[in-house]
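Below is one structure, written out as structure tokens; comments come after it.
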Amino acid sequence: MTNTYEAMFLLDNQVVRADWRQAKTLVTDLLAKNGAKVLCARRWDERKLAYTIRGRTRGTYLLAYFEVDGPALNGMRRDFELDERVLRYLMLRVDALPAGELEKAAEEGVEGYVVPTPPTEESVSYERAVFGDLADRPIQEPSRRNHAPVEGPDADGEGDAAETNEAAVAEEI
Amino acid sequence: MAESRKPSPPIASRNCDDPQIDYKEVAYLLKFLTPQAQIVSRKRSGFCTQCQRELKQAIKRARHLGLMPFVQ
């Protein structure tokens, strides 16, 4: 039985940067190879990924709708798993093609339609990835008062100074 | 005796007849994550059983595609 399916593909930005139309036909060809009738396919968005996938921090999403017999999906899954240019895919059955989808897809076919070039991968240092903006802050000497007293000749003197400071603060209050 | 905490209000109200929650509406789905990116409980989201199940499914699909984080 023929069903309508919605499929979202996450494509490697390197392929998209080379040529968007080629990247699109790469997916639609694989769909057609498995007997699907592609209704429409369009660029959904280019965005930063929530987590790194195969070393990529950004990726381009392709949204496609197609009609195919259910059992053919197994062959498609195998093809997409094997293709390294497709980072992730998600295929869902839908009742019908959503309204306005054909028009959005047709916009890409118009002469002069330019696909924005994906930005280059951000090289994020480990410190920035873990600590964010905190990584830029200068490292401050930890205050002695919050730590255990340091062993040494000066330790007593400093300890006394800290105590007198505390006493002064207490008097002010 | 321990003070009883006032429950926080639900994040969103939703009509169950609305169209199914879509995994592509990432900005909407992000409201239903805790600061650690866990899915909020039904108590916190204010959703009924069916809506919460749709929400869970949509968030998990978005996570698979790299649109939403698993952890933060």
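Derivation of every value follows stated rules applied to the coordinates shown; laboratory data play no part. Just so we're clear, the structure is a prediction, and the values are computed from it rather than from any experiment. Neighbour counts run over all protein chains shown; Cβ positions are idealised from the backbone, glycine included.
Here are the numbers:
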item	result
Amide H partners (placed H, <5 Å) of A:Cys40, local residues excluded	A:Tyr65
Charge sum, other residues only, whose C-beta stays under 10 Å from A:Asn3's C-beta, Lys/Arg counted +1 and Asp/Glu -1	-2
Helix B:49-64 axis, angle to chain B major axis (alpha carbon atoms, nearest 10°)	50 degrees
Within-10-Å neighbourhood charge of A:Pro116 [Cβ basis; K, R +1; D, E -1]	0
3J(HN,Hα) from dihedral phi, region B:36-48, Karplus parametrisation 6.51/-1.76/1.60, rounded to Hz, x for glycine, proline	8, 6, 7, 6, 6, 6, 5, 4, 7, 6, x, 8, 7
Cross-link pairs beyond the 19 Å C-alpha cut-off, checked among B:Lys6/B:Lys43; A:Lys48/B:Lys56; A:Lys48/B:Lys24; B:Lys24/B:Lys56; A:Lys104/B:Lys24	A:Lys48/B:Lys56
Within-14-Å neighbourhood charge of A:Ala32 [Cβ basis; K, R +1; D, E -1]	-1
Residues with amide H under 5 Å from that of A:Leu87, placed H, sequence gap 5 or more	A:Leu10, A:Leu11, A:Asp12
